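Please treat every number below as a calculation from the coordinates, not as lab data. The structure displayed is predicted, hence computed values, not measured ones. Note that each Cβ is placed from the backbone with ideal geometry, even for glycine, and that neighbours are counted across all protein chains shown.
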Amino acid sequence: MRGDDQQLQTGMFSYVALEDRIPADHPLRGVRALVDAVLAEMSKDFDGLYSQVGRPSIAPERLLRALLLQVFYSVRSERLLMEQLNYNLLFRWFVGLEIDDAVWNHAVFSKNRDRLLNRDLAQKFFAHVKEQAAGLMSDEHFTVDGTLIEAWAGQKSFRRKDDSGSGSGGDFHGESRRNQTHASRTDPESRLYKKSTGQESKLSYLGHTLVENRNGLIAAAMTTQADGRAERDAALLMLYELTRKRSGRITTGADKAYDTRDFVDTVRELGVTPHVARGGWPSRSDRRRCACSSGLGDAHRCTLARLKFPALCVRRA
């Protein structure tokens with residue numbers, strides 16, 4: 001029997017709770033429980049950020065949940081995120097909004113986000129999540145890598161800093177464009193960069209991750225401007241933070257982009273045994289990159305880890 005498609009007046013009331021509309025086995029249910037536990041532990045940190053008087057801001061718990069959704073579903077802007085929150089019941093449930101609650105203005109949301117994340121709360125949130133996964137993570141063997149994050153800025157926005165030349169930036173063929181003389185008008189902190197020969201240069205940032213080798217969980221992460229030394233500098237910073245409270249040695253695997261003498265020497269000074277892919281023959285580091293006492297075992301383990309957990313493919317949207 002054919003169903004009815006009459007467009008009658010919509011109902012004024014809904015008798016199904018928002019909680020009941022989300023399937024019991026939906027992956028976000030487990031994430032929501034974990035996030036709520038972490039946010040409860042951070043409640044005192046949030047109290048110190050806000051005054052006791054004045055107009056209430058966006059609740060920091062809801063703001064962080066919304067930012068997680070933006071990462072999980074690759075929502076490319078706050079404007080589109082607010083649009084999704086307006087009609088997506090799953091998003092409303094995860095953030096903590098009721099069906100009839102008004103959605104925030106995207107500009108207000110962005111301002112509150114910047115105020116919150118500039119206080120290192122994002123790193124504290126990540127640290128609390130790591131504590132939840134402590135039993136699943138290796139504390140000896142790690143892999144470091146970097147990935148290109150495309151900026152949300154077009155090539156036409158990359159114009160000369162002194163405003164000389166063409167005004168629109170559209171016709172740049174045959175023009176020598178460098179980061180020293182040019183900058184993006186829409187994202188000034190992005191840099192024109194490519195990771196390998198033969199690829200096109202794009203306005204980008206670099207994302208860096210330190211991954212433990214047991215289950216491939218991220219132990220540390222950071223973003224930097226894109227340049228030729230950023231991967232090695234970020235790796236040293238993350239390894240330093242990882243080793244400064246440890247007494248024993250750890251190992252780290254890395255690809256040939258990290259095969260320099262300065263990087264290998266500094267990593268050894270931190271108490272880390274490097275397993276770095278050879279960048280050529282002879283190696284640019286001109287030294288053995290595996291100084292472990294157990295022969296080829298640890299080096300083979302780090303090689304397998306890099307094959308099992310390749311660099312994260314991230315695009316900044």
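Key figures
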| read-out | value |
| --- | --- |
| ³J(HN,Hα) computed for each position of region 99-111 - Karplus, 6.51 cos²θ - 1.76 cosθ + 1.60, integer Hz, glycine/proline x | 4, 8, 5, 6, 8, 6, 5, 5, 5, 5, 4, 5, 5 |
| 29 Å Cα-Cα reach of Lys156 towards lysines, excluding residues that sit fewer than 8 places from it in its own chain | Lys111, Lys194, Lys195, Lys202 |
| Burial ordering of Lys194, Lys245, fewest other beta-carbon atoms within 10 Å first | Lys245, Lys194 |
| Distant-in-sequence amide H partners of Thr273 (H built 1.01 Å from N, under 5 Å) | Ile250, Thr251, Thr252 |
| Distance (nanometres) between label positions extended 7 Å along Cα→Cβ at Val16 and Phe46 | 2.9 nm |
